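Written out below as structure tokens is the structure these notes cover.
The values are calculated or read from the model by the stated rules, or taken from the named source; none is laboratory data. Nothing here was measured: the structure is a model prediction, and the numbers come from that model. Here the Cβ is made from the backbone with ideal geometry for all residues, glycine too, and neighbour counts use every protein chain on show. What goes into the accessible areas is simple: the full protein's heavy atoms, side chains included, and nothing from ligands, DNA or RNA. Shrake-Rupley method; radii C 1.70, N 1.55, O 1.52, S 1.80 Å.
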Amino acid sequence: MTQTAADTVTDLFIIGGGINGCGIARDATGRGLSVTLAEMNDLASATSSSSTKLFHGGLRYLEYFEFRLVREALIEREVLLSAMPHISWPMRFVLPYHKDMRFESETPTSKLLSLFMPWMKGRRPAWLIRLGLFMYDNLGGRKILPGTSTVDLRSAPEGAPLEDRFEKAYEYSDCWIEDSRLVVLNARDAAARGAEILTRTKVQSARSEDGLWHIETVNAETGETRAHKARMLVNAGGPWVGDIIQTKVRVNSREGVRLVRGSHIVTRRLYDHDKCYFFQGTDGRIIFSIPYETDFTLIGTTDAEHEDPSVKPECTPEERRYLIDFANHYFRKDLTDDDVVWTYSGVRPLYDDGASSATAATRDYTLKVDTSTGAPMLNIFGGKITTYRRLAESALEKIGAELTVTKGAWTAGVPLPGGDFPVTGVADQIGALKAKYPFLTDFWAKRLVRAYGTEAAKVLGDAKAATDLGRDFGATMTEAEVNWLMDREFARTAEDVVWRRNKLGLRLDRVQIEELNTWMTQNRRGASAAAE
């Protein structure tokens, strides 16, 4: 084990390689700050790869009167679409209406309706839903996404998978996002601009001395320890933000985090169209049913308290049954446990605002600077993936009050790697890639463009045939692509590749994944280049 001394002082040391940490790292390096980021596992290995994969304003947050959060998120949808059209795209959401729809009982809207319209007994009236959708259409100033329309489910294809009792629906716009790829591309762009990205690197301790942070890290793969110095510490630890404050930095803080588990199930494709369903339950909760990875359907999410961040979140049998039963209130054909091909679960690190339930806890972000130790530390609480870029800008405002930041906000509309083409240009990108590489199937070409955008050709290089790409690991993944992921995107294990850089784990069997992991272990070439 080798101890190395920090011979330079960086401006920022960021703890956490999720979307908040990587988003702040990208923004800060683009403004000329020196940045080191340490992530104890793989990038996006926790909350940021376990979302419902949506860029959305949060229609249900209107019931909590979180208008600022919703407006910011609605504006951000189109800003982000323009910067990453390969990993994000518009999606239409179908909200079937029926008279038994109810509010979650603790929402401000529910309380008002109970006071002024007690005869509704907690039900959502159609006019209120339409009012909410009108606000959703207009709060953020849409330029790309179409507005709300009404759907006759008795004749429209969207009604075919649903029970006959659903006759009317509202259809509105939100967006899809490949969440874990978003994190990796932010990290890549930060590295290209000069940030040091350290994965599999755990912070052992951080102490303030003479106005500087002294941080000790250990590499989980090699056991090597390393000392760092920084002018400011950024705690973007997600579910571990509280643990970092208490056990790594050892600062007394009144700020707390509320851990809320969200679980999802994935089934074989349940319907033929490419729209999402927004289902409302009789208990006031909502779930989504979303077309997923071409041949599957994603259903989620739950809201359950999760006490310990060190306990890996898993979709419990009760949550699985809840999601199946919820969906079965809508779909004509009942789902069973046998239809579920995969489940996943993540923990949302929400700011503890004292809400009475996990569902009611705020999804807004809170940024707190602590200078009690002498050197400044910024703690990040909460947030949602849609507003990560605005969170980073807000973080830089806080950082600018402590350090000299000479450049202003810059990330709006600036493409992430591979995203330098128009929002409407995906089909053209796929066509051009197939023309250049005729051996690609439709599925293969689309998958590569959706993952790498304009960089897809760099992944394939000078290949004239599929055999030129090296070993075939199955499901269109080749040695050339895996090398790219190891060299440029910080991937170290098969799990990094098949569950975070892509979702080919849905198509590969256990033996194939084990063979991929063995090959990667034997062919690692050190740290990711990433900056090229």
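Select from region 344-371 the residues that are in a strand (DSSP E or B) and farther than 18 Å from A44 by Cβ and write down the one among them that is modelled with the lowest pLDDT.
Y351
Looking only at region 372-414, which residues are within 20 Å of L259 (Cβ to Cβ) and part of a loop (DSSP other than H, G, I, E, B)?
Within region 372-414, G383, K384 qualify.
Which of the residues that make up region 200-221 are within 27 Å of P313 (Cα to Cα) and of a type outside the set (A, V, I, L, M, F, W, C)?
R200, T201, K202, Q204, S205, T217, N219, E221
Checking the structure you have, find out if any residue of region 31-46 is outside any loop (DSSP other than H, G, I, E, B), touching a Lys or Arg at 6+ places or on another chain (Cβ under 6 Å) and either open to solvent by 20 Å² or more (accessible area, probe 1.4 Å) or within 30 Å of K312 (Cα to Cα) (or both).
So far as region 31-46 goes, no, none of its residues is outside any loop (DSSP other than H, G, I, E, B), touching a Lys or Arg at 6+ places or on another chain (Cβ under 6 Å) and either open to solvent by 20 Å² or more (accessible area, probe 1.4 Å) or within 30 Å of K312 (Cα to Cα) (or both).
Has region 263-283 got any residue that is open to solvent by 20 Å² or more (accessible area, probe 1.4 Å), charged (D, E, K, R), within 19 Å of N41 (Cα to Cα) and outside any strand (DSSP E or B)?
Looking for residues that are open to solvent by 20 Å² or more (accessible area, probe 1.4 Å), charged (D, E, K, R), within 19 Å of N41 (Cα to Cα) and outside any strand (DSSP E or B), one finds none in region 263-283, hence no.
Based on this model, can you work out whether T301 counts as at pLDDT 95 or above and either buried (at least 16 other Cβ atoms within 10 Å of the Cβ) or touching a helix residue (DSSP H, G or I) at 6+ places or on another chain (Cβ under 7 Å) (or both)?
Here the answer is no, as T301 does not meet what is asked.
Quick one: count up the residues across region 480-516 that are open to solvent by less than 20 Å² (accessible area, probe 1.4 Å) and more than 17 Å from the chain's Cα centre (by Cα).
Matching residues across region 480-516 total 12.
Which of (1) farther than 28 Å from A236 by Cα; (2) in a loop (DSSP other than H, G, I, E, B); (3) of a type in the set (V, I, T) is the odd one out, the single condition T297 does not satisfy?
Of (1) farther than 28 Å from A236 by Cα; (2) in a loop (DSSP other than H, G, I, E, B); (3) of a type in the set (V, I, T), only one is false for T297: (2).
Which residues, taken from region 303-340, are within 15 Å of S289 (Cα to Cα), under 26 Å from the mean Cα position of the chain (by Cα) and in contact (Cβ under 8 Å) with a residue 60 or more places away in the chain?
L323, D339, V340
Just to check your reading of the model, which residue among T297, T316, T282, T302 is over 30 Å from W89 (Cβ atoms) and touching a Lys or Arg at 6+ places or on another chain (Cβ under 8 Å)?
The conditions single out T282.
Among the residues that make up region 144-154, is at least one of them out of contact with any Pro (no Cβ under 7 Å at 6 or more places or on another chain), among the hydrophobic types (A, V, I, L, M, F, W, C), modelled with pLDDT of 80 or more and more than 23 Å from L69 (Cα to Cα)?
Looking through region 144-154, at least one residue is out of contact with any Pro (no Cβ under 7 Å at 6 or more places or on another chain), among the hydrophobic types (A, V, I, L, M, F, W, C), modelled with pLDDT of 80 or more and more than 23 Å from L69 (Cα to Cα).
For region 135-166, what are the residues that are surrounded by 12 or more Cβ atoms within 10 Å (Cβ to Cβ), in contact with a Gly (Cβ under 9 Å, 6 or more places away or on another chain) and in contact (Cβ under 8 Å) with a residue 12 or more places away in the chain?
Y136, D137, L139, G140, V151, L153, F166
Anything in region 260-296 that is more than 12 Å from A327 (Cβ to Cβ) and hydroxyl-bearing (S, T, Y)? List them, or say none.
S263, T282, Y292, T294
Among the numbered conditions (1) within 29 Å of R332 (Cα to Cα); (2) modelled with pLDDT of 95 or more; (3) assigned to a helix (DSSP H, G or I); (4) within 25 Å of the chain's Cα centre (by Cα), tell me where L182 comes up short.
Unmet for L182, out of (1) within 29 Å of R332 (Cα to Cα); (2) modelled with pLDDT of 95 or more; (3) assigned to a helix (DSSP H, G or I); (4) within 25 Å of the chain's Cα centre (by Cα): (1).
Being in a loop (DSSP other than H, G, I, E, B) and either at pLDDT below 95 or not hydrophobic (A, V, I, L, M, F, W, C) (or both) is the filter here; which residues of region 424-447 pass it?
Residues satisfying the conditions are T424, G425, Y437, P438, T441.
Does F55 qualify as being under 17 Å from the mean Cα position of the chain (by Cα), modelled with pLDDT under 95 and surrounded by 20 or more Cβ atoms within 10 Å (Cβ to Cβ)?
yes
Cβ contacts < 7 Å: first residue under 25 Å from A192 (Cβ atoms), restricted to region 415-437; second residue crowded, with 19+ Cβ neighbours inside 10 Å and aromatic (F, W, Y), any location; separation 6+ or different chain. Result?
From region 415-437, the pairs are G418/Y452.
Go through P85, P90 for me and flag whichever is surrounded by 20 or more Cβ atoms within 10 Å (Cβ to Cβ), under 17 Å from the mean Cα position of the chain (by Cα) and modelled with pLDDT of 75 or more.
After applying the criteria, what remains is P85.
Would you confirm, using the coordinates I've provided, whether E318 is modelled with pLDDT of 95 or more and in a loop (DSSP other than H, G, I, E, B)?
Here the answer is no, as E318 does not meet what is asked.
Going by what's in this entry, would A169 be described as crowded, with 19+ Cβ neighbours inside 10 Å, among the small types (G, A, S), assigned to a strand (DSSP E or B) and touching an Asp or Glu at 6+ places or on another chain (Cβ under 7 Å)?
So A169 fits the description; yes.
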